[in-house]
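Only one structure is covered here, and it is reproduced in the block below.
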Amino acid sequence: MAAYDDLNVKRIAVISVISILVTAVTVLAVQVLYFAMADIVDTRKVQAASYSRQNTVLSEQSAEISRYGVDPETGNVIVPVEETMKKMVAEAHSHDEA
């Protein structure tokens, strides 16, 4: 009849701890590899992307705020934003000196 003392408990514990450590290191390595590859894929997607529609809208908006003119519907005078900003800064500066 087998006794409880037949099992080598120390060896079982050591093998269990080593197995847990190997599994944890393997999981972490796979996770690092996955995120590195995902970053490479994302970088390639960004490099290959075309933003023609967004660039068109942006250039139209930039042209709209950079021109002089008169709004035909309201009759308001249109002045470029940068000119208006320069005038406002000059005006604020002249008020500070007074």
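The values are calculated or read from the model by the stated rules, or taken from the named source; none is laboratory data. Remember, predicted model here, so these are calculated numbers, not experimental data. Cβ coordinates were reconstructed from backbone atoms using ideal geometry, including for glycine residues, and neighbour counts include every protein chain displayed. Protein only, heavy atoms only, side chains kept; ligands, DNA and RNA dropped before computing areas. Shrake-Rupley method; radii C 1.70, N 1.55, O 1.52, S 1.80 Å.
Any residue that is modelled with pLDDT under 90, part of a helix (DSSP H, G or I) and open to solvent by less than 100 Å² (accessible area, probe 1.4 Å) - is there at least one of those in segment 18-31? So that I can check it myself, show each step before the final result.
Step one: list which residues in segment 18-31 are modelled with pLDDT under 90, which gives none.
No; the residues of segment 18-31 include none that is modelled with pLDDT under 90, part of a helix (DSSP H, G or I) and open to solvent by less than 100 Å² (accessible area, probe 1.4 Å).
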For segment 45-65 the number of residues that are part of a helix (DSSP H, G or I), farther than 15 Å from P80 by Cβ and of a type in the set (A, V, I, L, M) is 4
Over segment 41-59, the set of residues exposed (fewer than 10 other Cβ atoms within 10 Å of the Cβ) and charged (D, E, K, R) is K45, R53
Tell me which residues, restricted to segment 68-90, are outside any strand (DSSP E or B), exposed (fewer than 10 other Cβ atoms within 10 Å of the Cβ) and not small (G, A, S). Y68, D71, P72, E73, T74
